[in-house]
1. Using a basic spin-label model with each label point 7 Å from the Cα along Cα→Cβ, how many nm lie between Glu17 and Glu136?
2. Scan (i) 30, 14, 12; (ii) 33, 13, 12; (iii) 38, 16, 13 for the value of semi-axes √(5λ) of the Cα gyration tensor in Å calculated from this model and give just the label.
3. If I model a spin label as a point 7 Å beyond the Cα along the Cα-Cβ vector, how far apart are those points for Glu81 and Ala49 in nm?
4. What is the extension gain from Glu129 to Trp113, computed as 0.36 nm multiplied by their sequence separation minus the C-alpha to C-alpha distance, in nm to one decimal?
5. Please give the helix 73-93 orientation as an angle from the longest Cα principal axis of the chain, in degrees from 0 to 90, rounded to the nearest 10.
6. Just tell me which lysines come within less than 19 Å, Cα to Cα, of Lys35; anything on the same chain fewer than 8 places away is out.
7. Within 10 Å, at most 15 other Cβ atoms, and a DSSP state outside H, G, I, E, B define an exposed site. Report the longest part of the chain free of exposed trypsin sites (Lys or Arg not before Pro).
8. FRET efficiency for Asp72 and Gln32, Cβ-Cβ distance as r, R0 = 30 Å, nearest 0.05?
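The numbers here are math on the coordinates, done by the rules we state, and not lab data. Just so it is clear, the structure is predicted and the values come from calculations on it, not from any experiment. Neighbour counts are summed over all protein chains in view; Cβ atoms, including those assigned to glycine, are modelled from backbone coordinates with ideal geometry.
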Amino acid sequence: MANSITDVKAGIKALLETVETIEAVYAYEPLQLPKLPCATIQFLGFDPARTEVNSMTVAYQYLIRLYFDLIDAEAAATQMENLVWSVLGVLVDNPSLSSTCIYSDVVRGEAIWAEFANRQRPLEGFEIEIHAIKEED
């Protein structure tokens with residue numbers, strides 16, 4: 001059986017890599033972010049629902065974080081708005097996440113700042129949570 005968790009994450013990564021304004025896409029949360037703006041992808045968990053005796057529908061949950069350099073706050077805000085719009089477009093236009101699931105939903109989007117206080121430079125971030133639905137045997 002293929003690993004659905006890593007397959008879907010790879011599908012999300014492939015889609016994010018098509019967004020020209022993202023400098024780097026990481027399938028993990030690195031300590032250093034040398035290229036900005038960048039995106040990270042984290043697996044959050046899953047929610048199974050048994051549909052038949054040997055089958056179930058699973059909602060795999062992922063968090064995409066977009067990071068921006070906050071040295072110029074006005075430029076960072078504009079960059080964040082434009083990049084969030086581009087990423088949403090890619091996700092909505094490709095609900096199968098590179099053919100790795102039946103469909104996906106964007107369930108939350110939120111700007112974040114305080115959490116990055118321990119980074120080497122000031123950063124602004126945006127989180128997008130998505131659920132990828134798969135039929136599993």
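1. According to this spin-label approximation, the distance is 2.5 nm.
2. (i)
3. Between Glu81 and Ala49, the simple spin-label model gives 3.7 nm.
4. Contour length minus the Cα-Cα distance gives 4.1 nm.
5. The helix 73-93 is inclined about 20 degrees to the chain.
6. Candidates past the 8-residue exclusion: Lys13.
7. 36-118
8. E(calc), rounded to 0.05, equals 0.90.
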